[in-house]
Amino acid sequence: MGKRFIHVFAAIWCSVAVFGAATASVGEDWLGDLSRTMRGRYGVLFTMQAEGMEPAEGYYAVDGEAYYLTLGVSEVYGDGRLRYEINNERKEVTEDRVDMKSFDLLNNPTRAFDFVETEFTSSVEQVADGRAVIELLPKKSGSALSRIRISVRRTGRGVEPERVDYDFDGDRITLLMRSIDFGGHIEVRRWNRQAYRAYEMISFL
């Protein structure tokens, strides 16, 4: 009886392991297609939702390593090396280095969908009608970003994001993608110090 229980348990465990590996593989397929689609030059209109805050409308445009993002009273310029965050209400510019390890869309949209297999484990929560919901968990312990949940859909261009949920150790931020436009006509504004010469400059370099 004991041996039979062990054999049954082993069979169940193996089937669960195989299923887990299969769902991870499916998740990686979706994520790979998502990463390939969200390259080049494109612009995204989005709505940000966070607990205790009014929804805020935003926009970001990406061209390779360069990007421009606007949300509320803030603007952000990035060139792949440095980022300039502007608070138009306080008339301040904060200069800092781009965090190339960040997968937070609001911090570095150029890497927002380049999830690396060595850094995240992925699992598919559901797939239906050309859409999928994928959960990503960081492999490194102590990460401030404890979970990412992405809703995607297949289009004529590939796989595009519809919703991204970030969990920063209990603080949740949701980004709803209202529209995505691709092509060379997308304007990606570049940092121009003269345009903000009246602003106070705060540098962390």
Determine, yes or no, whether ILE202 is surrounded by 11 or more Cβ atoms within 10 Å (Cβ to Cβ), closer than 20 Å to GLY43 by Cα, of a type in the set (Val, Ile, Thr) and more than 13 Å from the chain's Cα centre (by Cα).
no
Only residues that are among the aliphatic types (A, V, I, L, M) and either modelled with pLDDT under 95 or in contact with a Phe, Trp or Tyr (Cβ under 6 Å, 6 or more places away or on another chain) (or both): list them for region 106-133, please.
LEU106, ALA112, VAL116, VAL124, VAL127, ALA128, ALA132
Looking at this structure, is ARG149 exposed (fewer than 14 other Cβ atoms within 10 Å of the Cβ) and at pLDDT 95 or above?
no
Here are some residues: GLU54, GLU89, GLU85. Which one is free of Cβ contacts under 8 Å to residues at least 40 places away in the same chain, of a type in the set (Asp, Glu) and out of contact with any strand residue (DSSP E or B) (no Cβ under 9 Å at 6 or more places or on another chain)?
GLU54
Quick one: which residue in VAL26, VAL18, VAL73 is among the hydrophobic types (A, V, I, L, M, F, W, C), exposed (fewer than 13 other Cβ atoms within 10 Å of the Cβ) and at pLDDT below 90?
VAL18
GLU160: within 16 Å of ASP29 (Cα to Cα), among the acidic types (Asp, Glu) and surrounded by 17 or more Cβ atoms within 10 Å (Cβ to Cβ), yes or no?
yes
Could you tell me which residue of region 94-114 is surrounded by the fewest Cβ atoms within 10 Å (Cβ to Cβ), considering only residues that are farther than 17 Å from MET201 by Cβ and among the basic types (Lys, Arg)?
LYS101
Can you pull out the residues in region 131-154 that are in contact (Cβ under 8 Å) with a residue 24 or more places away in the chain and closer than 18 Å to LEU45 by Cβ?
ILE150, VAL152
Checked region 39-57 for anything over 26 Å from ASP171 (Cα atoms) and in a loop (DSSP other than H, G, I, E, B); matches are ARG39, GLY40
So, in region 158-178, exactly how many residues are over 12 Å from VAL44 (Cβ atoms) and in contact (Cβ under 8 Å) with a residue 40 or more places away in the chain?
7
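Suppose the filter is buried (at least 16 other Cβ atoms within 10 Å of the Cβ), in a loop (DSSP other than H, G, I, E, B) and more than 16 Å from the chain's Cα centre (by Cα); does VAL188 pass it?
Judged against the criteria, VAL188 is a match.
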Among the residues of region 48-93, what is the count of those that are among the aliphatic types (A, V, I, L, M) and farther than 23 Å from LEU205 by Cα?
8
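The values are calculated or read from the model by the stated rules, or taken from the named source; none is laboratory data. Computed from a prediction, not measured in an experiment: that's the story for all the values here. Don't worry about glycine lacking a Cβ; one is built from the backbone with ideal geometry, like all the others, and counts go over all protein chains shown.
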